[in-house]
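One structure is given here, and the rest of the page talks about it.
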Amino acid sequence: MSRLSHAAEALAYASIADLGPQIRSRALSPVDLVEAVLARIDRFDGLNAFITVTADLAREQAASSAREIAAGRYRGPLHGIPVSLKDLISTRGIRTTSGSRIHAEHVPTHDATITTRLREAGAVLIGKAALHEFAYGVTTDNPHYGPTRNPWGPDRIPGGSSGGSAAAVAAGLGPASIGTDTGGSVRLPAALCGVVGLKPTYGRASRHGVFPLAWTLDHPGPLTRSVEDAAIVLQEIAGPDPEDPTTLGQDVPDFSGTLRRPVRGLRAGVLTDPYHEDMADDVRAAFEEAVGMLRSLGVQVERVRFPRAAEASAAQTAIIMSEAASVHERWLRDRPEDYGADTRARLQRGQFLSATQYLRAQRVRALIQDEVRSLLRSCAVLVCPTVPCPAPRIGEDAVVIRGAGVKVVDVMTRFTRLWNFTGLPAISVPCGVGTGGMPLGLEVIGRAMDEATVLAVAYAYEQATPWHTRRPPESASPPPG
Amino acid sequence: MSGTDDLAAIAGAFGLRIDRASLEQWAPILRALFEDLARMIDLPTEDHEPAFVGTRHGGVPSGGAPLSAP
């Protein structure tokens, strides 16, 4: 590789925390940075990480950022930084498909609140990332826009539903992307692609202008290559928004400022109930090593059980099915043929749940939220693997875990969906390598509105381990086209 | 109420256009879910209203200071 190629790769994999000071001091121009990222997006087109690349807009925004910074108007750590948005986050004047045929030509007239906040922070929008159709699935094998590929193995899924966001960040196609997480759709693709994915507390980041999958389970959150960058991005997208009443009444702490707080003496609960014991051998080995690392950092580790995990999982399923069916009710009646087969089937099944079943699930949710709150009185965080197995192959419907065949759609969100149900903040951070060299993730869960502790633990672990420094092989990506 | 005929009756009552082959495929999935949900009637939820939102919050909870560390 030439010196120039080395420099381009170093720039592609630089963190926001590293790029920001260079941009601020004008050692690096946002124009050069965005050109490097756009060239790389073109080179790795075969990953199919984007539905729309906003190259012209990105160049305009980068030039504008450069002018502002030269004039002494530096906005903050995202100024001039290339970011992408999952393509169900509204962007004024830019097509927002939700990964669907139904919204294939949908051009919003307003920005989502998150889009506005990133724009005001000076971020440069490089594109709209691919996703599972309407975010209702875990593979990002999209019938309308094609499958997105995992940069660590192009025959593997990147996970979903924010698969394009995870693939882009992992392949160095921008240091950050915003995804959404209804059952694990930020954390699980982050884990499968070897990057960081943060689902904040429900209500921490506005859902206004984000096409819903299930209103009471949806959480927008960042995917990045480092925990520090996740803190930086969260800072910009968090906070009250009158357009989303669930965000009101919160204070937003300085997430970067608390990142390096010591974790020695902190109590962490390792989830060891039967529900959380079901995982592949390579995942178990990496997880046990991760717990050992937490211990060596001075974290007091104890075994805990999630209360009523099976009931929580079933209730969460009933809620997502009911709410998603309601979101899509009119289109299911008028144009069911415009959905892909898997998404249509999931949505239609939701139409068979009754109101009393939905409300029962929501009451059970309140009960279990109280019980989990009790669990988190003695533990500041809980930990488990993010996903029970490494990334399956594209098109695989089932995987074998400890000799038993399980459906991909059921197993992938097993360890993530309970935290959408409880609304608690959870992060996935790379924690090792599984079968075939595919990445694995460690999930750290915290108390409501206490992302600061979740980030501090994840940061301490990340800095003590080498996993965040691994890069996917450049040759693993298929050629453009 | 989750055999194929039951599902077909519900689909008919609510005007859902779903072919019978799909209903046959979904019946066991829905039956398992409905059985799980039926068991939840016995959980101690009498003091709990539906949650509706992901979590209740009002700032960092007591003891939220992460780090009980020195």
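Every read-out reported here was derived from the displayed coordinates using simple, explicitly stated rules and does not represent laboratory data. What you see is a predicted model, and the numbers here were worked out from it, not measured in a lab. In this analysis, Cβ positions are derived from the backbone assuming ideal geometry, glycine residues included, and neighbour counts consider all displayed protein chains.
The table below gives the values:
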read-out	value
In Hz, Karplus ³J(HN,Hα) per residue of region A:378-384 (6.51, -1.76, 1.60; θ = phi - 60°; x = Gly, Pro)	8, 10, 7, 9, 10, 9, 7
FRET E, pair A:Ser378, A:Arg305, Förster distance 22 Å, beta-carbon r, rounded to 0.05	0.95
Candidates per trypsin sites (Lys or Arg not before Pro) in region A:207-310, loop by DSSP, up to 15 other Cβ within 10 Å	A:Arg260, A:Arg264, A:Arg305
Computed magnitude of the charge dipole of chain A (debye, nearest 20; Cβ of K, R +1, Cβ of D, E -1)	500
Cα centroid of region A:114-145 to Cα centroid of region A:307-347, whole Å	21
FRET efficiency, A:Arg333 to B:Ile29 (Cβ-Cβ, R0 25 Å, nearest 0.05)	0.70
Helical contribution to [θ] at 222 nm, DSSP H n ≥ 4, -39,500 (n - 2.57), averaged over chain A, rounded to 500	-11500 deg cm²/dmol
Amide H contacts under 5 Å for A:Ala112, placed H, 5+ residues apart	A:Ser90, A:Thr91, A:Arg92
Rg/Rh (Cα only; Kirkwood hydrodynamic radius) as it applies to region A:345-399	1.14
Calculated FRET efficiency for the pair A:Asp370/A:Arg73, C-beta based, R₀ 60 Å, to 0.05	0.80
Order by protection proxy (mean Cβ within 10 Å, highest first), peptides A:185-197, A:429-441	A:185-197, A:429-441
Added length on full extension, which subtracts the Cα-Cα distance from 0.36 nm per residue, A:Ala55 to A:Glu277	75.4 nm
Longest segment of chain A lacking GluC sites (Glu not before Pro) that sit in a DSSP loop with at most 15 other Cβ atoms within 10 Å	A:244-395
Sparse-neighbour loop sites [trypsin sites (Lys or Arg not before Pro); region A:81-141; at most 15 other C-beta within 10 Å; DSSP]	A:Arg92
Backbone HN-Hα couplings from phi across region A:428-434 [Karplus 6.51/-1.76/1.60, Hz, Gly and Pro as x]	10, 10, x, 9, x, 10, x
Relative contact order of chain A, defined on C-alpha pairs under 8 angstrom at six or more residues apart (%)	18
Fraction of beta bridges assigned by DSSP in the protein assembly as shown that are antiparallel (%, nearest 5)	70
Where labels lie 7 Å past Cα in the beta-carbon direction, separation of A:Val107 and B:Asp47 in nm	5.7
Lysines whose Cα lies under 20 Å from that of A:Lys199, excluding same-chain neighbours fewer than 8 positions away	A:Lys86, A:Lys128
Longest to shortest principal axis, alpha-carbon extents of region A:105-166, angstrom	38, 25, 16
Average projection area in nm² (convex hull over Cα atoms of chain A, one quarter of hull surface)	20.9
Whole-Hz couplings from phi, Karplus 6.51/-1.76/1.60, listed for region A:333-348; x for Gly and Pro	6, 8, 8, x, 5, 8, 8, x, 4, 5, 5, 4, 4, 4, 5, 5
